[in-house]
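The values are calculated or read from the model by the stated rules, or taken from the named source; none is laboratory data. All of these numbers come straight from a predicted model, not from anything done at the bench. So basically every Cβ, Gly included, is an ideal-geometry build from the backbone, and we count neighbours across all protein chains shown. Note: areas computed on protein heavy atoms with side chains; ligands, DNA, RNA excluded. Shrake-Rupley method; radii C 1.70, N 1.55, O 1.52, S 1.80 Å.
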Amino acid sequence: MVKSPQIFSQQSNNQSINFFRSGHFGYFSTFLGNSGSYELHSMGRPPSFKIAQTEDGWKVEIPASLSASGKRERAFFKTRDQAKAHAANLRAKRQAHGENAAAIRPALAEEATKASEMLAPVGLSLIDAARIAVGIEEAKIGSEFVEIALAAFVLTKEAKSEAQVRAYEHMRAALAGEFAGRKLSTITGQELLNHVEATTGRDSTFNRRAETIRTFWRWCAKAPRTWCDSRLIDVLERKDVRRAPIGILTHEECRQLLQAAESHYPECVPGFAISLFTGIRRAELERLEVSDFTEEGIVIHAASAKTGRRRFIHFPMPLEQWLAAYPLGSSVLPANWTRKEKAIRRLAGWKVWSDLVQPATPPANRKRSTRPPFPDLRYR
């Protein structure tokens, strides 16, 4: 038969203490007049850990309220001393737990209950959620701001080709504009995917931007930086792109290109001649120095070659004649080579937009054009 709870009260200046008794357990709550909150304290009897000898050894009974599983458990030991030591350890833990939880505000208890209910569907406990939250905050402390990381990354890529450096600068401007003031560890993979989708158009453009971001993110994740998690960029999967067959320049197209260069930008003639008569890649052309030219040909160093191997290209006779008519100056390519090269192709009749050609209006098919820059069109 369960007895009804008995309540006893005692008043003081700022506190009201109520005593409750129900069965074998007693509780008292303290009303704090200054803060308007309650503290609930338990006066229940300490749990007993029964020790008994069985066929399997010395058994220790662990109450459900103190077991890790929330159910009644049994622990077995070879000797009685080991069983008694284990029971003493459980009592000490129970006492320490009781001291830590001696006063819990009702508001905090209510928040803990709501949090536990929210975490139940995903199988997480409050402790699990707390560890995750602490890990996120610790990652923020060890991370770096996006703007600072991008500036440091771009500095390491100054030796790359002009086109590659330009691609990294475009990536830097876009990322810094969208994630300004945030640390790398706070950016999610979905946010990066949405960013690339929003700032690119065709699938090929998506792939190029995604590749630059992957390179940047891996660099940030490597030691000694470790500013972010490299697995996050797995969402930036490469899209399938149908590539059109590479076109071949006709004799007439070559003549028009060289004539346009002679008439408008003669300092660009050597660059076009080298591309036409050697088949050198655009990135390799942009890395050439005057010292790479000998009487017999051109030296492509391993650091400049796409394959990572050094090779030598002998001068074809037409190239010798063009370089004799237009000798190299202090550099192989002139200043503003990219802009001038586009202007020459536009003047030669190609449908390429150039800000150096008047009127500087984009051609009608600019957005649909899939034709790559001149040096890559014929020779790869």
- Note on the structure: With x for Gly and Pro, the residue-by-residue ³J(HN,Hα) of the stretch 158-173, computed from phi through the Karplus equation 6.51 cos²θ - 1.76 cosθ + 1.60 at θ = phi - 60° and given in whole Hz, is 5, 7, 6, 5, 4, 5, 5, 4, 5, 5, 5, 5, 4, 4, 4, 5
- Message: Tell me the accessible surface of Arg209 in square angstrom (1.4 angstrom probe, heavy atoms of protein chains only), to the nearest ten.
- Response: 40 Å²
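Can you sort Asp81, Asp355 by solvent-accessible area, 1.4 Å probe, largest first?
Details: Asp81 120, Asp355 65 Å².
Solvent-accessible surface, decreasing: Asp81, Asp355.
At 1.4 Å probe size, put His86, His170, His314, His195 in order of accessible surface, largest to smallest. Let's see the in-between values first.
Details: His86 50, His170 105, His314 125, His195 0 Å².
Accessible-area ranking of His86, His170, His314, His195, largest first: His314, His170, His86, His195.
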- Just by accessible area at a 1.4 angstrom probe, what is the order of Val290, Val60 from largest to smallest? Val290, Val60
- Message: Could you tell me the center-to-center distance, by alpha carbons, between the stretch 270-335 and the stretch 195-225 in angstrom?
- Response: 32 Å
- Item | Net length gained if the chain between Lys50 and Arg72 were fully extended (0.36 nm per residue, minus Cα distance) | 6.7 nm
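For the stretch 238-297, run through the GluC sites (Glu not before Pro) and keep only the ones in DSSP coil with at most 16 other Cβ atoms within 10 Å of their Cβ. Could the numbers behind the result be given before it?
Numbers: sites: Glu252, Glu253, Glu262, Glu267, Glu284, Glu286, Glu289, Glu295, Glu296; in loops: Glu289, Glu295, Glu296.
Here the GluC sites (Glu not before Pro) that fit, given the DSSP loop and packing criteria, are Glu289, Glu295, Glu296.
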- Query: With each label point set 7 Å from Cα along the Cα-Cβ vector, what nm distance links Asn194 and Ala85?
  - Reply: 5.7 nm
- Inter-label distance for His314 and Ile141, nm, one decimal - labels placed 7 Å from Cα along Cα-to-Cβ: 6.7 nm
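Just order 109-120, 149-160 by mean Cβ neighbour count inside 10 Å, highest at the front, would you? Could you put the intermediate results ahead of the total?
Details: 109-120: 11.6, 149-160: 14.6.
Answer by packing, highest mean first, reads 149-160, 109-120.
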- Task: Multiply the residue gap between Ser291 and Thr250 by 0.36 nm, knock off their C-alpha separation, and tell me the result in nm, one decimal place.
- Result: 11.6 nm
- Qualifying aspartates and glutamates (Cα of each under 18 Å from Cα of Lys93; at least 8 residues distant if same chain): Glu61, Glu73
- Please give the length that would be gained between Glu211 and Ala109 if that part of the chain were fully extended, namely 0.36 nm times their separation in residues minus their C-alpha to C-alpha distance (nm, one decimal). 31.8 nm
